[in-house]
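Have a look at the structure below, then the notes.
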Amino acid sequence: MGKFTGLIHNENIKIYSRARTWVMLLILAIMSALMPVLFYFSASDKSHLMGLWETFQMTVSVAFFLNTIFTVVVASDSVAGEFSWGTIKLLLIRPWSRSKILLSKYISMLLFSLLSTGVLIAFGLGSAYLFSSQAGDVMSSLTGWSPSAYSFMDLLFRYVELFLTTTLAFMVSSVFRASGLAIGLSLFIIFAKNLIVIIFNPDRYQWAKYLLFTHMDLRVYLSSDVGPGGATLGFSIAVLAAYYLLFLLIAWIVFRKRDVAA
């Protein structure tokens, strides 16, 4: 276990030794802190400012998009970067199995996603506390949730979408050894998933209930017990879990059998 922890530590060093990583975290922190400030100074009447949790929700809705992109960049470069830099052979001759190497890279990517999300929460919530109204929030109370519970459930469901998107990027990076393809495909999913759901509406096409895109946005269950095509939260989670395991299985099989002699 100690050796595997050291392997994860080595992968973390690869991520955080790059200036790009700190630039992305800095941009995320600035964006998260700046949004409540913009909301505050753009309000014409300070007596009608949004409440703390409404301000935080608005901040998350903007900043989490950046959070997903930055995590996708790290995930896409995790395996493909080793092939691009020519360091994959040096990595594979070490006394670790390919499965452990791949797992350590995946865990390091997940740790980065948790860190970046933590940065977003800390700076976004802190700034929202300073630049928001002390009056009660009304947006989330309309759904029956308390403002704080609604905000963090919204954040959790956004993280689930990030989790699936970055796992897909990690799989593409492992299979095709191309970080650009992984980033491009992930961005396509981020931008086009809602359009795909509209075109292949699960209310019209029963088979569309089993598409990944149909269930990626779990936030619909914050205001309703019924999701796309009459799906339940449990069904949506089951579909997402099936795709998640499929992505990991494909990445694991291809990485284990890949010939790196060339």
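Below 8 Å between Cα atoms, with a sequence gap of 6+, how large is the relative contact order for region 167-226 in percent?
Details: 27 pairs, mean separation 12.6, N = 60.
It rounds to 21 percent for region 167-226.
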Per residue value of the accessible surface for region 151-262 (all protein chains in place, 1.4 Å probe), Å²: 50 Å²
Entries of LYS193/LYS257; LYS100/LYS209; LYS3/LYS105 with Cα pairs more than 26 Å apart: LYS193/LYS257; LYS100/LYS209
Estimated distance in nm for a label pair at ARG219 and PHE4, the labels positioned 7 Å out from Cα along Cα-to-Cβ: 3.6 nm
Helix runs (DSSP H) in the chain reaching 15 Å along axis by Cα, Kyte-Doolittle at least 1.6: 19-42, 179-199, 233-257
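At a 1.4 Å probe radius, carbon and sulfur cover how many percent of the accessible area of region 186-262? Mind dumping the intermediate values first?
On the way: 3010 of 4460 Å².
After summing per-atom areas, the C and S share lands at 68 percent.
Just the accessible area per residue of region 1-75, please: how many Å² with a 1.4 Å probe?
Numbers: 3680 Å² over 75 residues.
Result: 49 Å² of accessible area for each residue.
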For SER133, distant residues with modelled amide H under 5 Å away: MET50, GLY51, LEU52
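So for each of 112-123, 20-31 I average, over its residues, the number of other beta carbons within 10 Å; can you give me the resulting order with the highest mean first? Please report the intermediate quantities before stating the final value.
Working: 112-123: 18.7, 20-31: 15.6.
Peptide ranking by packing, descending: 112-123, 20-31.
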Estimated distance in nm for a label pair at ALA241 and TRP85, the labels positioned 7 Å out from Cα along Cα-to-Cβ: 3.6 nm
Largest-first principal axis extents of the Cα set of region 34-125 (Å): 65, 20, 14
Accessible surface of region 1-60, 1.4 Å probe, proportion on carbon and sulfur as whole %: 72 percent
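The values are calculated or read from the model by the stated rules, or taken from the named source; none is laboratory data. Just so it is clear, the structure is predicted and the values come from calculations on it, not from any experiment. So basically every Cβ, Gly included, is an ideal-geometry build from the backbone, and we count neighbours across all protein chains shown. The protein model used for the area step is the full one, side chains on, heavy atoms only, and it has no ligands, DNA or RNA in it. Shrake-Rupley method; radii C 1.70, N 1.55, O 1.52, S 1.80 Å.
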